[in-house]
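Below is one structure, written out as structure tokens; the observations come after it.
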Amino acid sequence: MAPTISEIFASMDYGPAPESAAPAHAWLDQHARAFGHFIKGAWTNVSKRSQFDVINPATSAVLATVAQGSRGDVDAAVAAARTALPAWQKLPAHARAKHLYALARAVQRNARRLAVLESMDNGKSIRETRDIDIPLVARHLYHHAGWAQLLDSEFAGYHGAGVVGQIIPWNFPLLMLAWKIGPALAAGCTIVLKPAEFTPLSALAFAELAHEAGLPPGVLNIVTGDGATGAALVDHPGVDKIAFTGSTEVGRVIRKATAGSGKKLSLELGGKSPFIVFDDADLDSVVEGVVDAIWFNQGQVCCAGSRLLMQEGIADRLVEKLRARMEKLRVGSPLDKTIDMGAIVAPVQLDRIRSLVTEGTQHGATCWQPSWALPSTGSFYPPTLFTNVAPSSMIAQVEIFGPVLVAMTFRTPDEAVALANNTPFGLAASIWSDNINLALDLAPKVKAGVVWVNCTNLFDAAAGFGGYRESGYGREGGREGMWEYLTPDWQRAQPRAGAGAGAVVMAAKGTKSVPAKAAAPAPHTGAVDRTAKLYIGGKQARPDSGYSIRVVGARNTMVGEVGEGSRKDIRNAVEAARTVAGSWSRMSGHARGQILYYIAENLSARADEFAARLKSLTGKDGHAEVHASIARLFTYAAWADKWDGQVHQTPIRGVTLAMNEPVGVIGIAAADAHPLLGFITLVAPAIAMGNTVVAVPSEAHPLAVTDFYQVLETSDLPGGVVNIVTGRRDELAKVLAEHDDVDAIWYRGHADGVRACEIASTGNMKQSWGESFTRDLLKPEQGEGREYLRRATQVKNIWIPYGE
């Protein structure tokens, strides 16, 4: 007998509320449940020899078969995108805006079918796809229709990067597609997109909608397949940019594969995000925040709040409340509108979660799960809470990517920050406290690209999303996300130096090496002999190697000697830079600007001396380069207190602050052209934005820079902000790129050097900016400005709701 109303109110048990899957099944049947690729506005033929099944993770039923993309398929898709590119880029901005607007409207018209298809394909609950994912898809397309309209005015001097290869994950299949294609289409790029092999159906449905909405053939191409298909897309020489969202391990592989290719690269990778709770927080709100942080989408979220950091005084009460709430969570069919958690995406992911949970228990942590039973079929896993977890334990460090929460305690705010930053990741964080001063004090200290205050897992197209450290680099969404798909107009036809280009004539004392051509000895002038030293921690230092390098001038005459830096010297320089990094970054922009002005003033007083030095090194009059160097210092002194963030227009009752933060310790290897100006062009924006630097000057003409550190010594620059190690550029640059305490590497030289640095940078996934072409640094559009400032900073978005 059915329960009475009073019995229902007493038990508060939910009855089933299924969403009809009929429209999604009808669409699948319309295609005979078999899909080829979508290339050049049409479906390719499906070959039975190269198909794989798409499985509903909640039922294990086969939904459809899709094509396994080959290198030939990728070739065809890239060719279609390349053919479509000129016409798409020539379209007026307003025309591209109308296309994006039409795509947004098409998504809204088909929202329910797309939401059901996504739930069937991915396993997440219909409430999430219906109320979060699909509305955000439309929101991103509308937002980027606006950027398309404003492209010529807001991004003057830039054009689309070209043909873009995009690889998206299985946790938010259609939303990740919108995050990727929105800015790419707005910028004037054409696209080859590979959806995840577990969840390709919504991408294919979107491609069909785009075609029906009038998107020109070849502008958007979808190639399905596994990792081999993605690798073919990454390796393709016809692709100008790769955008990837997925694991840090695969991100490393992609960084190595693209090293030295000149392709733009943005990576949104894994995370192990902290959820920090202070003792003054509203614990009932915290509990609901935890539910949204770790059990949203079954914890299969890169920014999931998977590490619960609790102040000791409230830890026991919070754990008790969490366990009570976990008992009430409902796990079941994704198409039931009353459930809280759906299915894990695939058996292989379920096995990984089970294995990591078992390992965590074996290592001594206490595992707690609700008492209720899971559905008997499908890939389901219960919400899980670990306590008694050591900060260094595997489950506190590894991204589990499932509904597993690990809890730890702290005593003080400083300890909370130390625990929060105690992972190699840096994607997101949540801070819960009724003391807004405390929360906003912590937000800049936590190493994360997104910080939510008294909220979690908020996303919007107007606010950039992306990480620090091993969570990747680049941003998706907002103005900052548009830059990922744009290239300066002056770079359209830049010559690329070949391997070994720019080789220099240098020789070391002793038996280390032999000069390519014997240099004439320096004429005796009666001056006291000196060998320029390294500059580390604000002091001149002899190289650890005990060797020096002869510097040959314009007339093949030895004009001096510099120390030959080594790995140990780089280590000492990085240590000095890290030591002062905190205090330098906290110094006001005005104060840093005043120091840069003072450096320029002191360089100006010695302008003739430096011009003479440059002429002796290069054979060219050096006055223009010296004056340009002084002007460049003035430029970044001016920018030091003006590179502002912004308040994003996100749809919350509150503010979303986009803060430009320094990257940290930057390793710099300067080119030989313009030895003084080239050095200052890279170092000045870095330190103006609050970074510290370990710099390798021009290998051929280092004396211009060893003279310059005398200027730094007399200009109130704190020791350790700029460290200079002379020597073999490529050897030292590779050491910097490999160093795990260096946060970015900027390299100027030949193509082999770029490739070596980009491969070496994968150790800690540091940002890399390598160029093998020669800029005309005397031209401000190439030698200074916002491009350098964007490289010297990373955007942190802080979400701050307010109101009662």
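Taking only Cα atoms, what is the 0 to 90° angle, nearest 10, from helix 111-122's long axis to the longest principal axis of the chain?
So the helix axis and the longest Cα principal axis differ by about 80 degrees.
S355 to H590: extension gain in nm, 0.36 nm per residue of separation minus the Cα-Cα distance? List each step's numbers first, then the result.
Numbers: separation 235, 0.36 × 235 = 84.60 nm, distance 5.29 nm.
Contour length minus Cα-Cα distance gives 79.3 nm.
Given contacts defined as C-alpha pairs under 8 Å and at least six residues apart, what's the relative contact order of the range 586-742, whole-number percent? Before the final figure, lay out each step's value.
On the way: 245 pairs, mean separation 39.5, N = 157.
This gives 25 percent for the range 586-742.
What whole-number value in cubic angstrom gives the convex hull volume per residue for the C-alpha atoms of the range 197-288? Present the calculation step by step, with values, prior to reporting the outcome.
Details: hull volume 16.8 nm³, N = 92.
Given the Cα convex hull of the range 197-288, per-residue volume reads 183 Å³.
Kindly report, to the nearest 10 Å², the accessible surface of H211 as traced by a 1.4 Å probe over protein heavy atoms only.
90 Å²
Report K445's accessible area, 1.4 Å probe, all protein chains in place, as a number in Å² to the nearest 10.
Near enough 80 Å² of accessible area.
Of A281, G227, L185, which is farthest on the positive side of the dipole of the range 130-282, counting Cα position, with +1 on Lys and Arg Cβ, -1 on Asp and Glu Cβ, and the Cα centre as origin?
Towards the positive end, the residue furthest out is G227.
Regarding the range 315-464, what are the three Cα extents along the principal axes, ordered largest first, in Å?
Projected onto the principal axes, the Cα atoms of the range 315-464 cover 48, 40, 30 Å.
So for the range 150-262, averaging the separation of alpha carbon pairs under 8 Å that are six or more residues apart and normalising by length, what relative contact order in percent results? Working shown, then result.
Values: 150 pairs, mean separation 36.4, N = 113.
Relative contact order here is 32 percent.
Apply 1/(1 + (r/R0)^6) to the Cβ-Cβ distance of A34 and K337, taking R0 = 22 Å, and write down the FRET efficiency to the nearest 0.05. Walk me through the numbers before you get to the answer.
Working: r = 30 Å, r/R0 = 1.38.
It comes to 0.15.
If you consider only alpha-carbon coordinates, what radius of gyration and Dmax does the range 292-378 have, in Å?
14.2, 42
How big, in percent, is the set of alpha carbon pairs in the range 81-182 lying more than 19 Å apart?
Percentage above 19 Å: 49.
For the range 581-645 and the range 119-146, what is the separation of their C-alpha centers, rounded to whole Å?
Between the Cα centres of the range 581-645 and the range 119-146 lies a distance of 49 Å.
How far, in degrees from 0 to 90, does helix 607-618 lean away from the longest principal axis of the Cα atoms of the chain, to the nearest 10?
Tilt relative to the chain: about 90 degrees.
If I compute solvent accessible area with a 1.4 Å probe over the protein chains, what percent of it on the chain is carbon and sulfur?
Details: 16080 of 30510 Å².
Within the chain, the accessible surface is 53 percent carbon and sulfur.
Relative contact order, percent, of the range 1-119 when contacts are C-alpha pairs under 8 Å separated by at least 6 residues?
Values: 76 pairs, mean separation 27.6, N = 119.
23 percent.
Which of the three applies to the range 266-338, rounded, prolate or oblate, going by the alpha-carbon gyration tensor with a ≥ b ≥ c and a/c under 1.5 meaning rounded?
Values: a/c = 2.77, a/b = 1.17, b/c = 2.37.
Judged from the Cα gyration tensor, the range 266-338 comes out oblate (a/c at least 1.5, b/c at or above a/b).
If you take all C-alpha pairs in the range 366-447, what percent of them are over 14 Å apart?
Numbers: 2347 of 3321 pairs.
Every Cα pair in the range 366-447 considered, those over 14 Å come to 71 percent.
Given only helices, namely DSSP H runs of n ≥ 4 each adding -39500 (n - 2.57), what is the per-residue ellipticity at 222 nm of the chain, to the nearest 500 deg cm²/dmol? Walk me through the numbers before you get to the answer.
Values: 27 runs with 320 residues, N = 804.
After summing the helix terms and dividing by the residues of the chain, the value is -12500 deg cm²/dmol.
Can you tell me the accessible area per residue over the chain, all protein chains present, probe 1.4 angstrom, in square angstrom?
On the way: 30510 Å² over 804 residues.
Averaged over the residues of the chain, the accessible area is 38 Å².
Starting from the Cα of S285, step 7 Å toward the Cβ, then list every residue of the range 409-431 with an amide N under 17 Å from that point.
430-431
Expressed in nm to one decimal, what extension gain is obtained for the pair E312 and T65 from 0.36 nm per residue of sequence separation less their Cα-Cα distance? Write out the running numbers ahead of the final one.
On the way: separation 247, 0.36 × 247 = 88.92 nm, distance 5.21 nm.
Contour length minus Cα-Cα distance gives 83.7 nm.
Take every Cα-Cα pair in the range 608-649 and report what % of them are more than 12 Å apart. Numbers along the way, then the final one.
Details: 574 of 861 pairs.
Result: 67 percent of Cα pairs exceed 12 Å.
Would you kindly work out the equivalent ellipsoid of the chain from its C-alpha gyration tensor and give its semi-axes, the square roots of five times the eigenvalues, largest first in whole Å?
Working: eigenvalues 512, 194, 103 Å².
Those come to 51, 31, 23 Å.
Give the span of the range 574-677's Cα atoms along each principal axis, as three whole-Å numbers ordered largest to smallest.
Answer, in whole Å and largest first: 62, 30, 24 Å.
The values are calculated or read from the model by the stated rules, or taken from the named source; none is laboratory data. Model, not experiment: these values are computed from the prediction. Every residue, glycine as well, gets a Cβ built from its backbone with ideal geometry; the counts of neighbours run over all protein chains shown. For accessibility, only protein heavy atoms count, side chains too; no ligands or nucleic acids. Shrake-Rupley method; radii C 1.70, N 1.55, O 1.52, S 1.80 Å.
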